[in-house]
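Data first, discussion second: the structure below is written as structure tokens.
The values are calculated or read from the model by the stated rules, or taken from the named source; none is laboratory data. Here the structure is a predicted model, which means the values were calculated and not measured. Because the Cβ atoms are built from the backbone with ideal geometry, glycine has one as well, and the counts that use them run over all protein chains shown. For accessibility, only protein heavy atoms count, side chains too; no ligands or nucleic acids. Shrake-Rupley method; radii C 1.70, N 1.55, O 1.52, S 1.80 Å.
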Amino acid sequence: MALTVTHFQAVERAVRTGAPHELLSTVRDALIEHFEATEVDLLVADYGSTVLQPVTALPHTAQPLAIQASPEGRAFISQEPYGKYIAEDGTVELHLPVTVRGDRIGILTVRLPEHRCTPQAVDEMTGLAELLGHEILVAERDTDLYLQARRRQRLTLAAEMQWQLLPARSCARQEYAIGGQLEPAYDIHGDNFDWATTADTLTLTVTNGMGEGIHASLLTNLAVNALRNARRAGIGIADQAALADQAIYAQYQGTQYVSTLLLFFEIATGRVQVVDAGSPQLWRQRDKIVERVVFEAQQPLGMFDETLYEAQEFQALPGDRLIFVSDGVYGATSGAGEAYEERALARAIQAVSFLPAAAVPRAVLEELRAYRDADPDDDALVVCLDWFGRSSAQSH
């Protein structure tokens, strides 16, 4: 993207040196100075990924906007700038995705004169929106402003712990794209997901801690951090599972355990090692065929002392879509008593095949909500991984 160096460097310097809670006002001042903007607003996606919440004085003093029924939501879903001409005063309202490496944070809305809304200016402001996203992630270490703005309602303590445990809600690079969602977003207990990447590998884990409330959240926190500790020691996923198993058993003596699916991807080849230690399921869409990928089940983490785990293998091909679901999804039943995994889950995956990975989990969970006729009595987790693979040109 070709940016006006003078403008971009000036804004970047101001944003990076400004106070964490003043990022929006810093960007607003810069857009007024350099682009004659008349209004600048920041909206962030809520925890349920259903609305965009304005970042204003808190608690909430402005109405949220539905993602599925607003121009701002259109830009958020498409991840493309979207402009709307305002006939009354001859200005253009431009909605710009605030996204960091595929993690969709929200939308920056800029109103400016029509003559200033040139393709070059849109490119420059799109770059500034991306810069703002990076700075928000850094600022969240020092201010609660942006995390508070995401809330339509108060999070339970268990949900607070679970959301803080996540790496992000989505990410993307040339070889793959990932999106995940937890429900009920404001009262989640034990479901979680985690990932980490290097130049040549991707490690992905999906966890489901037993129990409810804070007990389930504490258990999952122990499991995820034990897996991270083992992963960061540079050992394979079978040994990661074994060390996490020991940590959980030492704490709970087998009375509590965590169902976990661990995957290790070789990015250059698509070869995947898997440890299936419990209930999360993997479904694959390859071409137009949707089917469950079944592995040899091993013991959940923490159920027994010093359990040994073995990694299995499968091959991911370019174009594969991998969907991971917890038992709160595949085990949900309709009014007639039919489990979601029997037929409806495959249909739901087919129905959302046109969506990008980041949007798939929310769409599947919406299908699930329509399928069952009662409030859920279990957490529901969906993670989508689109595998593009690495071309020979990328390998050199």
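Please verify whether residue 246 is surrounded by fewer than 18 Cβ atoms within 10 Å (Cβ to Cβ), touching a residue at least 12 places away in the same chain (Cβ under 8 Å) and at negative phi, treating the condition exactly as stated.
Judged against the criteria, residue 246 is a match.
Taking only pairs six or more apart or across chains, which ones have beta-carbon atoms under 7 Å, a first residue in region 352-364 that is without any contact (Cβ under 8 Å) to a residue 40 or more places away in the chain, and a second residue that is buried (at least 22 other Cβ atoms within 10 Å of the Cβ) and assigned to a helix (DSSP H, G or I)?
The qualifying pairs are 352/360; 352/364.
Find the residue count for region 250-260, including only residues that are hydroxyl-bearing (Ser, Thr, Tyr) and open to solvent by less than 50 Å² (accessible area, probe 1.4 Å).
The total comes to 2.
Considering only residues that are open to solvent by 60 Å² or more (accessible area, probe 1.4 Å) and hydrophobic (A, V, I, L, M, F, W, C), which ones fall in region 123-151?
137, 138
Suppose we filter 40, 27, 15 for residues that are surrounded by 19 or more Cβ atoms within 10 Å (Cβ to Cβ), out of contact with any strand residue (DSSP E or B) (no Cβ under 9 Å at 6 or more places or on another chain) and either within 27 Å of residue 365 (Cβ to Cβ) or of a type in the set (Val, Ile, Thr) (or both); which single one remains?
After applying the criteria, what remains is 15.
What are the residues in region 175-190 that are more than 16 Å from residue 45 (Cα to Cα), open to solvent by 10 Å² or more (accessible area, probe 1.4 Å) and part of a strand (DSSP E or B), if any?
177 - this is the single residue of region 175-190 that is more than 16 Å from residue 45 (Cα to Cα), open to solvent by 10 Å² or more (accessible area, probe 1.4 Å) and part of a strand (DSSP E or B).
Find the residue count for region 23-42, including only residues that are under 18 Å from residue 62 (Cβ atoms) and either part of a helix (DSSP H, G or I) or touching a helix residue (DSSP H, G or I) at 6+ places or on another chain (Cβ under 7 Å) (or both).
Number of matching residues: 7.
Please find, among 301, 263, the residue that is open to solvent by less than 50 Å² (accessible area, probe 1.4 Å), within 23 Å of the chain's Cα centre (by Cα), within 21 Å of residue 382 (Cα to Cα) and at pLDDT 95 or above.
Matching residue, one of 301, 263: 263.
Any residue at all in region 166-174 that is open to solvent by 50 Å² or more (accessible area, probe 1.4 Å) and either part of a helix (DSSP H, G or I) or out of contact with any Lys or Arg (no Cβ under 9 Å at 6 or more places or on another chain) (or both)?
There is at least one residue in region 166-174 that is open to solvent by 50 Å² or more (accessible area, probe 1.4 Å) and either part of a helix (DSSP H, G or I) or out of contact with any Lys or Arg (no Cβ under 9 Å at 6 or more places or on another chain) (or both).
Please verify whether region 217-235 includes one or more residues that are of a type in the set (Ser, Thr, Tyr), surrounded by 21 or more Cβ atoms within 10 Å (Cβ to Cβ) and in contact (Cβ under 8 Å) with a residue 40 or more places away in the chain.
Within region 217-235 (the criterion being of a type in the set (Ser, Thr, Tyr), surrounded by 21 or more Cβ atoms within 10 Å (Cβ to Cβ) and in contact (Cβ under 8 Å) with a residue 40 or more places away in the chain), the answer is yes, since at least one residue qualifies.
In region 135-159, how many residues are of a type in the set (Gly, Ala, Ser) and out of contact with any Phe, Trp or Tyr (no Cβ under 9 Å at 6 or more places or on another chain)?
Here the count works out to 2.
Could you grab me the full set of residues in region 304-352 that are of a type in the set (Asp, Glu) and open to solvent by less than 20 Å² (accessible area, probe 1.4 Å)?
Correct list: 320 only.
With 106, 83, 102, 90 as the choices, which residue is touching a helix residue (DSSP H, G or I) at 6+ places or on another chain (Cβ under 8 Å), within 30 Å of residue 385 (Cβ to Cβ), touching a residue at least 12 places away in the same chain (Cβ under 8 Å) and surrounded by fewer than 22 Cβ atoms within 10 Å (Cβ to Cβ)?
Sole residue among the options that is touching a helix residue (DSSP H, G or I) at 6+ places or on another chain (Cβ under 8 Å), within 30 Å of residue 385 (Cβ to Cβ), touching a residue at least 12 places away in the same chain (Cβ under 8 Å) and surrounded by fewer than 22 Cβ atoms within 10 Å (Cβ to Cβ): 102.
Kindly indicate the residue of region 152-164 that is among the polar types (S, T, N, Q) and in contact (Cβ under 8 Å) with a residue 12 or more places away in the chain and also most open to solvent (accessible area, probe 1.4 Å) among those meeting that condition.
That would be 153.
Quick one: is residue 246 under 26 Å from residue 317 (Cα atoms), among the polar types (S, T, N, Q) and part of a helix (DSSP H, G or I)?
no
Residue pairs, Cβ under 7 Å, 6 or more apart or interchain, first in region 139-150 and in a helix (DSSP H, G or I), second surrounded by 13 or more Cβ atoms within 10 Å (Cβ to Cβ) and small (Gly, Ala, Ser). List them.
146/139
Looking at (1) among the aliphatic types (A, V, I, L, M); (2) touching a Cys at 6+ places or on another chain (Cβ under 6 Å); (3) over 22 Å from residue 47 (Cβ atoms), which is the only condition residue 360 fails?
Every listed condition holds for residue 360 apart from (3).
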